[in-house]
Amino acid sequence: MPKLLKRALLLLVVAAMLAASLCACTGGTRPSTGPSAPAQSGELPTQPGAPDGENSVTVGIAQDLDTLDPHKAVNAGTSEVLFNLFEGLVKASPDGGVIPAVASDWDVSPDGLTYTFTLREGVTFHNGDPVTVEDVLYSLRRCNGGENDGVPIVSSFILDSATGESLIRSIEAGEGNQVVVTLAEPRLEFPYFLTAAHIIPADSGDTIGSDPIGTGPFSFVSFTPQESLVVKKYDGYWGDPAHLDEVTFRIYTGASAVNSMVMALQAGSLDLVIHLPNTYADQVGDGAVLQSTMKLVQALYINNAVKPFDDVRVRQAMYYAIDVPEIIDMVCDGAGVPTGTSMYPAQQRYFLPELAEVYTQDLEKARQLLADAGYPDGFDMTITVPSNYAQHVDTGVVIADQLKAVGINAEVVPVEWETWVSAVYRGRDFQTTVSGISASDMTAREMLVRYASDHSKNFINFSDAEYDEVTAKAQTTLDESEQMELYKRAEQILNEQAASLWLQDLCELVVLSPELDPDSFTFYCTYVLDMSSVRFK
Amino acid sequence: MKRKNWYLTVGAALTAVMAAWTILGFFWTPYDPSARSAADKYALPSLAHPFGCDYMGRDIFSRALEGAGTTLTIAAAVLVIGFVFGLLIGALCGYYGGAADAVVMRLCDAVSAFPSILLALVAIALLGRGKYNIIAALGVLFVPSFARLVRGEFLKQRDRDYVKSAKLMGVSDLRIIFVHILPNTWPVLLSGLTIGFNNAVLAEASMSYLGVGVSPTEPSLGYMLSESQAYLLKAPWFTAFPALVIILLILGVGLVGEGVRGQLGVEP
């Protein structure tokens, strides 16, 4: 009886923890952080979080909100939640496009430089005031650096990442309820950029962080850092009203955050959890489990500027030496989606699944390429991994083992997340690293233009003349199909050049309590948690 | 009347078994500890895999064998560093006393005032990771407790008659410290050593559990526990067996320490 055995072993674990903590106590001088540590996840909120009204849910999020100011939010987890409170002139639609929100429609001049937005009638802020042209001008100017010495605070508004020069020439009132935005260079994707430029009341810049007033389907009730954010349905919403009356986002932080959320799900004190690693699939109780992808590209990112990785043959050899399907099988039970380039599959319009087939494991070819590059016996290298992401660490371990077959001796070096950001991502002081890179809006640009040679986010120091040309052209072209082709060409170059060993988009789970209607959860192809569609069965 | 010393017998037997098992791991494991197998993912304990398999289909028995070796090596090295330096500092401070003693002991108090794991984390952040840095960091942190223990014993002994007569006979200070006094402190030092050993094993396990220990490619018992926590409900054997090995290791040595105290009539 495997089930009985399982229980017996579980009992043994509990007994072991108890014994270990007791043993540690007799030691005296040291606090026990050893094997008894998992027991700390017992510090759960014992009473269900939300005041149990008829129609309210509690959502678990594994990250504290860095701010309530929608323009200044840096963490994807913050923008995801604030989506329920704020809207831009346009907002993200589930299929990866943009739909009108505070603006009802817009026109683009033939040269692609002037956008004229018409404001929607009857849109009101949560305080009841109607949205005016003044509010929109203020919000857009603030995003464009109006209160920040002219350096845009919405990153996609930045034209030149070195000087902080803005893409936007002017933001003016047009006729009646119109707003006219003039650009320095044409940008087909400009409406996408505007999803991050949320509309807030005029001159509320100083108070928006503590009193977030927007136009979204939910309005702010309270926020306690490290604990929870509570929002309630906004009755004056212009669009389809939310189904739920109140939503509590309960914040879980620290190393045991995921374990705590799983236990809270089992205990019924959480109704909805997103971004759950899929290894927890059969531990979440009897709720509905929906499978999704993380919308990022996990890769062995290679510093193209350091030896021996400056030789394309070395990078290709490494790509041939590893076995991506095995990695996917080992680190996420086979549920990840191989990518082959810097594009994740949820971006259906741009994703090229055939690129994942290019480098299938071929040790002979790998050895040949290494020999051609002058490393017939392989070499020593390091794989830096952020220690807080178990899946990245595991991936590093598997890759290191796979590379042994061609004589490459890789050492896995875990570092704290903060160190990873400052030394690897910003400092570019690394050989290779396993991590996941995601996009802050739904444009292909976010995933591709960053690897142009002089881009400030090009942390892998990739440098290719054709790539620079293709991405520069893709950004300014006015022909949508040409842009599509150019971006796809860029994806192919990243694959041909093995700029990094592109692995997969990891699998993750959304878990809903049995009382919620699983069909009501809306998936987006970017970081959005839309609570307005969620409802009880 | 002398009662049979069960602590010592059981402890010594258990320690011998665990030591033999760990040493075996240096030479032989049934499988390659890092060999993955998709077919054996989450395999239940069976004859082929006595401890079952983990989420990568790696044999937990082999990993626990090798992991115990890693953990024990680090613990032993930490203990040697802590003990040798602790002994020197404690003996000199205890024997000579005076201002230097006061300063050194206050320094030791200052070090012990911080939780040692916290200090070890700081040290690792400054030195970088790796087996040897962990040994160095933990080793230094173990010095104060031994120093205090040894100093206390030396304070007790230095005014005894045998020391005074040795001094009158013109025996050198160093000889008095290491040849005359030291052997008389062994009973206390031995039980201190066993406690220290257990602390060192747990410290290594904690560091690896917190993800700042040995490299992830090198199995250690603490790192196995850290890996297993996501699978606690799915594959409890993954947590159970490494934890069991840690428990048996420190239980055996702990019982030996208890037995030694009883045998030599030392107040615990």
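Test B:G259 against the stated conditions and say whether it is in a helix (DSSP H, G or I), more than 10 Å from chain A (Cβ to nearest Cβ) and out of contact with any Phe, Trp or Tyr (no Cβ under 9 Å at 6 or more places or on another chain).
Working: in a helix (DSSP H, G or I): yes; more than 10 Å from chain A (Cβ to nearest Cβ): yes; out of contact with any Phe, Trp or Tyr (no Cβ under 9 Å at 6 or more places or on another chain): no.
Criteria not met by B:G259.
Restricting the first residue to region A:446-475 and requiring it to be open to solvent by 50 Å² or more (accessible area, probe 1.4 Å), which pairs with a second residue that is charged (D, E, K, R) meet a Cβ separation below 7 Å and a spacing of at least six or different chains?
Pairs found: A:K457/A:R450.
Kindly establish whether B:I247 is free of Cβ contacts under 8 Å to residues at least 24 places away in the same chain, within 11 Å of chain A (Cβ to nearest Cβ), surrounded by fewer than 24 Cβ atoms within 10 Å (Cβ to Cβ) and farther than 24 Å from A:A390 by Cα.
Working: free of Cβ contacts under 8 Å to residues at least 24 places away in the same chain: yes; within 11 Å of chain A (Cβ to nearest Cβ): yes; surrounded by fewer than 24 Cβ atoms within 10 Å (Cβ to Cβ): yes; farther than 24 Å from A:A390 by Cα: yes.
For B:I247, the condition - free of Cβ contacts under 8 Å to residues at least 24 places away in the same chain, within 11 Å of chain A (Cβ to nearest Cβ), surrounded by fewer than 24 Cβ atoms within 10 Å (Cβ to Cβ) and farther than 24 Å from A:A390 by Cα - is met.
Output the residues belonging to region A:205-255 that are part of a loop (DSSP other than H, G, I, E, B), closer than 12 Å to A:F125 by Cα and of a type in the set (S, T, Y).
Matches in region A:205-255: A:T215, A:Y234, A:Y237.
State yes or no: is B:D40 within 14 Å of chain A (Cβ to nearest Cβ), among the acidic types (D, E) and either open to solvent by less than 20 Å² (accessible area, probe 1.4 Å) or more than 30 Å from A:A405 (Cα to Cα) (or both)?
No, not satisfied.
Assess whether B:Y55 counts as being outside any helix (DSSP H, G or I), touching a residue at least 60 places away in the same chain (Cβ under 8 Å) and not polar (S, T, N, Q).
Here the answer is yes, as B:Y55 does meet what is asked.
Conditions: (1) under 19 Å from the mean Cα position of the chain (by Cα); (2) open to solvent by 40 Å² or more (accessible area, probe 1.4 Å). B:G86 meets all but one. Number of the miss?
(2)
What's the number of the condition B:F238 fails, among (1) touching a residue at least 40 places away in the same chain (Cβ under 8 Å); (2) out of contact with any Asp or Glu (no Cβ under 6 Å at 6 or more places or on another chain)?
(2)
Take the residues of region A:56-75 that are open to solvent by 40 Å² or more (accessible area, probe 1.4 Å) and either touching a strand residue (DSSP E or B) at 6+ places or on another chain (Cβ under 9 Å) or small (G, A, S) (or both): which is modelled with the lowest pLDDT?
In the first step, residues of region A:56-75 are kept if they are open to solvent by 40 Å² or more (accessible area, probe 1.4 Å); the result is A:62-63, A:66, A:72, A:74-75.
Then keep just the ones that are either touching a strand residue (DSSP E or B) at 6+ places or on another chain (Cβ under 9 Å) or small (G, A, S) (or both); that gives A:62-63.
On the way: A:A62: 85, A:Q63: 81.
Ranking the candidates gives A:Q63 first.
Among the numbered criteria (1) under 22 Å from A:S104 (Cα atoms); (2) in contact (Cβ under 8 Å) with a residue 12 or more places away in the chain; (3) of a type outside the set (A, V, I, L, M); (4) open to solvent by 50 Å² or more (accessible area, probe 1.4 Å), which one does A:H243 miss?
Unmet condition: (1).
Looking at region A:344-355, which of its residues are open to solvent by 10 Å² or more (accessible area, probe 1.4 Å) and in contact with a Ser or Thr (Cβ under 7 Å, 6 or more places away or on another chain)?
Our first condition is that a residue be open to solvent by 10 Å² or more (accessible area, probe 1.4 Å); within region A:344-355, this holds for A:345-346, A:348-355.
Scanning region A:344-355 gives A:P345, A:A346, A:L352, A:L355.
Take the residues of region A:259-270 that are more than 19 Å from A:E54 (Cβ to Cβ) and out of contact with any strand residue (DSSP E or B) (no Cβ under 7 Å at 6 or more places or on another chain): which is surrounded by the fewest Cβ atoms within 10 Å (Cβ to Cβ)? If you could, list the steps in order and put the result at the bottom.
Going residue by residue through region A:259-270, those that are more than 19 Å from A:E54 (Cβ to Cβ) are A:259-267.
Now restrict to residues that are out of contact with any strand residue (DSSP E or B) (no Cβ under 7 Å at 6 or more places or on another chain): A:259-260, A:262-263, A:266-267.
Details: A:N259: 22, A:S260: 23, A:V262: 25, A:M263: 19, A:Q266: 15, A:A267: 13.
Selected residue: A:A267.
Could you say whether any residue in region A:447-465 is among the polar types (S, T, N, Q) and touching a Gly at 6+ places or on another chain (Cβ under 7 Å)?
So in region A:447-465, the residues among the polar types (S, T, N, Q) come out as A:453, A:456, A:458, A:461, A:463.
With the extra rule that they be touching a Gly at 6+ places or on another chain (Cβ under 7 Å), the set shrinks to none.
No: region A:447-465 contains no residue that is among the polar types (S, T, N, Q) and touching a Gly at 6+ places or on another chain (Cβ under 7 Å).
Yes/no matrix, rows are residues, columns are (1) away from every other protein chain (no Cβ under 14 Å); (2) out of contact with any Pro (no Cβ under 9 Å at 6 or more places or on another chain); (3) free of Cβ contacts under 8 Å to residues at least 24 places away in the same chain:
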| site | (1), (2), (3) |
| --- | --- |
| B:Q157 | yes, yes, no |
| B:K167 | yes, yes, yes |
| B:G170 | yes, yes, yes |
| B:R175 | yes, yes, yes |
| B:F178 | yes, yes, no |
| B:N184 | yes, yes, no |
| B:G196 | no, yes, no |
| B:A203 | no, yes, no |
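Would you check which residues across region A:362-401 are within 14 Å of chain B (Cβ to nearest Cβ), touching a residue at least 40 places away in the same chain (Cβ under 8 Å) and in a loop (DSSP other than H, G, I, E, B) and list them?
A:N388, A:Y389
Go through region B:205-244 and give me each residue that's open to solvent by 10 Å² or more (accessible area, probe 1.4 Å), more than 7 Å from chain A (Cβ to nearest Cβ), in a helix (DSSP H, G or I) and not hydroxyl-bearing (S, T, Y).
Across region B:205-244, the qualifying residues are B:E227, B:F241.
Residues in region B:153-187 that are crowded, with 19+ Cβ neighbours inside 10 Å and within 26 Å of B:I250 (Cα to Cα): how many?
Final tally of qualifying residues: 2.
Looking at B:L44, B:L24 in this structure, which one is closer than 17 Å to B:I60 by Cβ, of a type in the set (A, V, I, L, M) and in a loop (DSSP other than H, G, I, E, B)?
It is B:L44.
Based on this model, can you work out whether A:L503 counts as buried (at least 24 other Cβ atoms within 10 Å of the Cβ) and in a strand (DSSP E or B)? Spell out the reasoning first.
Numbers: buried (at least 24 other Cβ atoms within 10 Å of the Cβ): yes; in a strand (DSSP E or B): yes.
Judged against the criteria, A:L503 is a match.
Residue check, B:G11 against (1) at pLDDT 90 or above; (2) within 30 Å of A:I399 (Cβ to Cβ); (3) within 14 Å of chain A (Cβ to nearest Cβ), all met but one. Which one?
It fails just one condition, (2).
With respect to the numbered conditions (1) open to solvent by 20 Å² or more (accessible area, probe 1.4 Å); (2) not in a helix (DSSP H, G or I), which one is the sole condition not fulfilled by A:E508?
Answer for A:E508: the failing condition is (1).
Just one of A:V337, A:V358 is away from chain B (no Cβ under 14 Å) and open to solvent by less than 50 Å² (accessible area, probe 1.4 Å); which is it? First the steps, then the outcome.
Details: A:V358 fails: open to solvent by less than 50 Å² (accessible area, probe 1.4 Å).
Unique residue meeting the criteria: A:V337.
In the list A:L229, A:L188, which residue meets the criterion of being touching a helix residue (DSSP H, G or I) at 6+ places or on another chain (Cβ under 7 Å), open to solvent by 40 Å² or more (accessible area, probe 1.4 Å) and among the hydrophobic types (A, V, I, L, M, F, W, C)?
A:L188
May I ask you to verify whether B:L126 is at pLDDT below 90, in contact with a Leu (Cβ under 8 Å, 6 or more places away or on another chain) and part of a helix (DSSP H, G or I)? Steps first, answer last, please.
Details: at pLDDT below 90: yes; in contact with a Leu (Cβ under 8 Å, 6 or more places away or on another chain): no; part of a helix (DSSP H, G or I): yes.
Taking the combined requirement at face value, the residue does not satisfy it.
Quick one: is B:S145 within 30 Å of B:Y95 (Cβ to Cβ), within 14 Å of chain A (Cβ to nearest Cβ) and in a helix (DSSP H, G or I)?
On the way: within 30 Å of B:Y95 (Cβ to Cβ): yes; within 14 Å of chain A (Cβ to nearest Cβ): yes; in a helix (DSSP H, G or I): yes.
The answer is yes for B:S145.
Among the residues of region A:293-325 satisfying the criterion of being buried (at least 21 other Cβ atoms within 10 Å of the Cβ) and in a strand (DSSP E or B), which is nearest to the chain's Cα centre (by Cα)?
Only one residue fits best here, namely A:L296.
Please pick out the residue among B:D59, B:D101, B:D54, B:D109 that is open to solvent by less than 20 Å² (accessible area, probe 1.4 Å), more than 30 Å from B:Y31 (Cβ to Cβ) and of a type in the set (D, E, K, R).
Details: B:D59 fails: more than 30 Å from B:Y31 (Cβ to Cβ); B:D54 fails: more than 30 Å from B:Y31 (Cβ to Cβ); B:D109 fails: open to solvent by less than 20 Å² (accessible area, probe 1.4 Å).
Residue meeting the stated conditions: B:D101.
The values are calculated or read from the model by the stated rules, or taken from the named source; none is laboratory data. Bear in mind that the values here come from a model prediction, so they are computed numbers and not experimental data. Here Cβ is always computed from backbone atoms with ideal geometry, including for glycine, and neighbour counts include all displayed protein chains. Accessible surface is based on the protein model in full, side chains and every heavy atom, while ligands, DNA and RNA are left aside. Shrake-Rupley method; radii C 1.70, N 1.55, O 1.52, S 1.80 Å.
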